[in-house]
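Just so you know, all these numbers are worked out from the coordinates, no wet-lab data involved. Predicted model only: the values in this text are computed from it and were never measured. We place every Cβ from the backbone using ideal geometry, glycine too, and count neighbours over all the protein chains shown.
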Amino acid sequence: MLTQVFKYIFGFILAIAILIGGGFAMALYFMNRVSAPPPKPIYANDQPLVKTQAPKSQTPKTNQVSLEKSSSTPKETPKPEESPESLPPGAYKARVTWKQGLRLRKEPTPDAERVGGAAFNQKVIVLEESSDNDWQKIRLENSDQEGWVKSGNVAKIDGQDDTQTTDDTEQ
């Protein structure tokens with residue numbers, strides 16, 4: 001009789017230990033799966049960044065795409081030459097320096113509606129600054145998309161800065 005009680009208690013403790021161990025293993029598995037960061041979203045105006053990185057990551061399809069894009073590049077080259085003449089007074093060219101890119105907002109407030117984005121190292125035109133100098137109104141180069149971004153996230157570039165175009169020619 002004593003051995004049967006001992007078997008019952010030992011079986012009960014063993015079952016509880018298996019349930020706790022299995023629950024702990026499941027919790028670790030799901031915590032590791034959930035803690036992985038999601039992939040970075042791709043926005044429509046991220047295409048210039050994709051152009052410079054795509055040939056490095058993929059081989060045959062991007063060669064065809066880069067050939068198609070390179071044939072359209074001569075059509076796009078006159079636009080930067082025309083843009084210095086069409087810059088409004090006080091506007092200047094700049095480049096996005098914030099590594100994660102920028103969100104364009106409709107008004108110069110953090111709660112304003114998002115109207116687009118600008119990728120890291122993308123060329124933009126700074127049109128104006130807010131009265132408190134906390135916000136800058138920018139327009140994406142070779143685009144009509146405009147919006148407000150926080151000041152300090154773009155750096156002024158001179159006319160000789162063609163790092164993005166030299167990256168395109170190296171590929």
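Among (1) surrounded by 10 or more Cβ atoms within 10 Å (Cβ to Cβ); (2) not in a helix (DSSP H, G or I), where does Gly11 come up short?
(2)
Every residue in region 84-94 that is farther than 13 Å from Gln136 by Cβ and surrounded by 14 or more Cβ atoms within 10 Å (Cβ to Cβ), please.
Once the filter is applied, which keeps residues that are farther than 13 Å from Gln136 by Cβ and surrounded by 14 or more Cβ atoms within 10 Å (Cβ to Cβ), region 84-94 yields only Leu87.
In region 95-119, which residues are in a loop (DSSP other than H, G, I, E, B), closer than 21 Å to Ile42 by Cβ and out of contact with any helix residue (DSSP H, G or I) (no Cβ under 7 Å at 6 or more places or on another chain)?
Thr97, Trp98, Lys99, Gln100, Gly101, Glu113, listed by residue number.
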